[in-house]
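Report on the structure given below.
The values are calculated or read from the model by the stated rules, or taken from the named source; none is laboratory data. If you're wondering where the values come from, they're calculated on a predicted model, not measured in any experiment. Cβ placement follows ideal geometry from the backbone for every residue including glycine, while neighbour counts extend to all protein chains displayed. Surface areas here come from the heavy atoms of the whole protein model, side chains and all, with no ligands, DNA or RNA. Shrake-Rupley method; radii C 1.70, N 1.55, O 1.52, S 1.80 Å.
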Amino acid sequence: MARIKIDLPESFSFSTSFSVRITDLNYGSHVGNDTILSFIHEARMRYLQSIGYSELNLEGVSLIMADAALIFKNEIFYGDELLISIRAVEFSRVGFDLIYKMDKKSTDQPLIVALAKTAMICFDYNLKKVVSLPEAAIFKLKA
């Protein structure tokens, strides 16, 4: 069976912390895949906000997620303290990828619990079509 592979960048440009809430757990008493997607969505919003953007305004265009990949490394439980790090990579004419690394901070040494990648595409909701990634956004995202 072929497995998904996510190549981690040498460094990350943004990190944010989360505490796992009781409502984040599934019937297995750990964090499930749907919650991991919610965590990375929140982290993405915080990242974009830190550089003056949102998913609805990236230099005048919006962003939509074209795909997502998750790799689970270790379980996440109630009360765990997480650090999610993000880096924008693989820029194209209409978008870029975001790489996420999720570490559990509540261990002696950080422990990777999940990796993720999302493909973000620039979109004009008024025209209902894909549009070009603004140059000014590329500059900020690469910083």
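The alpha carbons of the chain give a radius of gyration and a Dmax of 15.7, 51 Å, in that order.
When the charge dipole of the range 44-143 is built from unit charges on Cβ atoms (+1 for Lys and Arg, -1 for Asp and Glu) and taken about the Cα centre, the candidate among Leu48, Ala136, Ile64 whose Cα reaches farthest toward its positive end is Ala136. Paramagnetic label reach from Met1 (point 7 Å along Cα→Cβ; backbone nitrogen cut-off under 20 Å): within the range 30-47, residues 30-37. For chymotrypsin sites (Phe, Trp or Tyr not before Pro), the sites in the range 63-143 that DSSP calls loop and that have at most 12 other Cβ atoms within 10 Å are Tyr125.
Any idea of the accessible area per residue across the range 43-143, 1.4 Å probe, to the nearest Å²?
52
For the range 53-102, the share of accessible area belonging to carbon and sulfur comes to 49 percent (1.4 Å probe, ligands and nucleic acids excluded). Relative to the longest principal axis of the Cα atoms of the chain, helix 33-50 runs at roughly 50 degrees. Solvent-accessible area of Ser19, all protein chains in place: 60 Å² (probe radius 1.4 Å, heavy atoms, ligands and nucleic acids excluded). For the range 14-37 and the range 57-90, what is the separation of their Cα centres, given in Å? Answer, in whole Å: 12.
For a Förster distance of 22 Å, can you work out the FRET efficiency between the beta-carbons of Glu90 and Ser11, rounded to the nearest 0.05?
Using R0 = 22 Å, I get an efficiency of 0.90.
A Cβ-based charge dipole, computed about the Cα centre of the chain with Lys and Arg at +1 and Asp and Glu at -1, lands at about 220 debye. Compared with the direct C-alpha span, the chain from Ala136 to Ala66 gains 23.0 nm at full extension, assuming 0.36 nm per residue. Extension gain, Gln49 to Leu37, is 2.5 nm, computed as 0.36 nm per intervening residue step minus the present C-alpha separation.
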